[in-house]
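This report refers to the structure that appears directly beneath it.
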Protein chains: 2
Amino acid sequence: MTVEPNEYMQQAIKAAEAAAARGEVPVGAVVVESATGRVLAAAGNRVEELNDPSAHAELLAIRAAGQLLGEPRLPGCDLYVTLEPCPMCATVISFARVRRLFFGAYDPKGGGVDHGPRIYEQSTCHHRPEIVGGLSESECADLLKSFFRDRR
Amino acid sequence: MTVEPNEYMQQAIKAAEAAAARGEVPVGAVVVESATGRVLAAAGNRVEELNDPSAHAELLAIRAAGQLLGEPRLPGCDLYVTLEPCPMCATVISFARVRRLFFGAYDPKGGGVDHGPRIYEQSTCHHRPEIVGGLSESECADLLKSFFRDRR
């Protein structure tokens, strides 16, 4: 497999940009089959569009990948997301048994991996993915900064 | 409003029993409009059926209520659920601005309210519902116990 993690993150960034164009918080996520490098699903936030507070990029991408594979667990998959997952998404990533989690910007205010409840450090968490944070960090962070600056 | 919390919990228990009949972990949830007492949505777990690790009763009920009301936030609503919500569901309950959370059995192994990451005690949690735990507790717990006993 010759694809670099940064190339998948670029696809997540594209999904985040599309979310921004829909008026959603610009976060994007991509689920990749580890063995083949095949992209199974890509999604951006759709909370406002779907009237669904759970419609974060990660959760939508995991759901789409599960439906594609016909199983609710994705132990052979990696997830790329532009922002540190919130506690909801960190938990569903664990439930899905995702193998590796790559995320872009850190989120001290709302993140649940390196901040807040630090979901994977809880003794009640039964699957902790391998984690790489800070991938394409400044590019991912700039997306969010410019989105919120434009809204003020 | 003359309906008692326990009557809504009975509806959540019915949704949990229906989940068990589908081979799902028997958890059920009901979203109620606080002012009118109207039941907006009821759901049981559908993780296996939908190949969706996020398809917990609470998340499905909140999504259905949001779609019914045409908004992703439910500040005028209460949620009844047969089991202490996991960290994923506790977080989406907060995102949805649910007014009051009533739950049945406590879940020391997987709960995220009184156990594990204690989502609502985090400084990064921006909305904490009013919480009543232990409603119809033994009835809700018995549902889970008999489900897992039968599967062994």
What residue, of B:His115, B:His127, is closer than 30 Å to A:Asp114 by Cβ, in contact with a Ser or Thr (Cβ under 7 Å, 6 or more places away or on another chain), more than 8 Å from chain A (Cβ to nearest Cβ) and surrounded by fewer than 24 Cβ atoms within 10 Å (Cβ to Cβ)?
-> B:His127
Of all the residues that make up the stretch B:12-40, how many are in contact with a helix residue (DSSP H, G or I) (Cβ under 9 Å, 6 or more places away or on another chain), of a type in the set (D, E, K, R) and closer than 15 Å to B:Gly104 by Cα?
-> 1
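Just give me the residues in the stretch A:130-141 being over 13 Å from A:Asn6 (Cβ atoms) and either under 13 Å from the mean Cα position of the chain (by Cα) or surrounded by 15 or more Cβ atoms within 10 Å (Cβ to Cβ) (or both), in sequence order.
At the first step, the residues of the stretch A:130-141 found to be over 13 Å from A:Asn6 (Cβ atoms) are A:130-131, A:133, A:141.
Listed by number, the residues that qualify are A:Ile131, A:Gly133, A:Ala141.
If only one of B:Arg38, B:Arg152 is surrounded by fewer than 17 Cβ atoms within 10 Å (Cβ to Cβ), of a type outside the set (Ser, Thr, Tyr) and under 28 Å from A:Glu71 (Cα atoms), which one is it? Give the steps one after another, and end with the answer.
Working: B:Arg38 fails: under 28 Å from A:Glu71 (Cα atoms).
Checking each option against the conditions leaves just B:Arg152.
Considering B:Ser136, B:Ser54, B:Ser94, which residue is more than 19 Å from A:Thr124 (Cα to Cα), of a type in the set (Ser, Thr, Tyr) and without any contact (Cβ under 8 Å) to a residue 60 or more places away in the chain? Outline the logic, then answer.
On the way: B:Ser136 fails: without any contact (Cβ under 8 Å) to a residue 60 or more places away in the chain; B:Ser54 fails: more than 19 Å from A:Thr124 (Cα to Cα).
When all the criteria are applied, what remains is B:Ser94.
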In the stretch B:58-108, anything of a type in the set (Gly, Ala, Ser) and under 13 Å from B:Ala12 (Cβ atoms) is listed as B:Ala61, B:Gly104, B:Ala105
Yes/no for A:Thr82 being surrounded by 15 or more Cβ atoms within 10 Å (Cβ to Cβ) and either in a loop (DSSP other than H, G, I, E, B) or in contact (Cβ under 8 Å) with a residue 60 or more places away in the chain (or both) | yes
Please specify each residue of the stretch B:91-112 satisfying the condition of being within 22 Å of B:Asn6 (Cα to Cα) and within 8 Å of chain A (Cβ to nearest Cβ).
-> B:Gly111
Output the residues belonging to the stretch B:43-87 that are of a type in the set (Asp, Glu) and either facing chain A (nearest Cβ under 7 Å) or more than 9 Å from the chain's Cα centre (by Cα) (or both).
-> B:Glu48, B:Glu49, B:Asp52, B:Glu71, B:Asp78
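Every read-out reported here was derived from the displayed coordinates using simple, explicitly stated rules and does not represent laboratory data. Keep in mind that what you see is a predicted model, and the values were worked out from it rather than measured. Note that we place each Cβ from the backbone using ideal geometry, even for glycine, and neighbour counts take in every protein chain shown.
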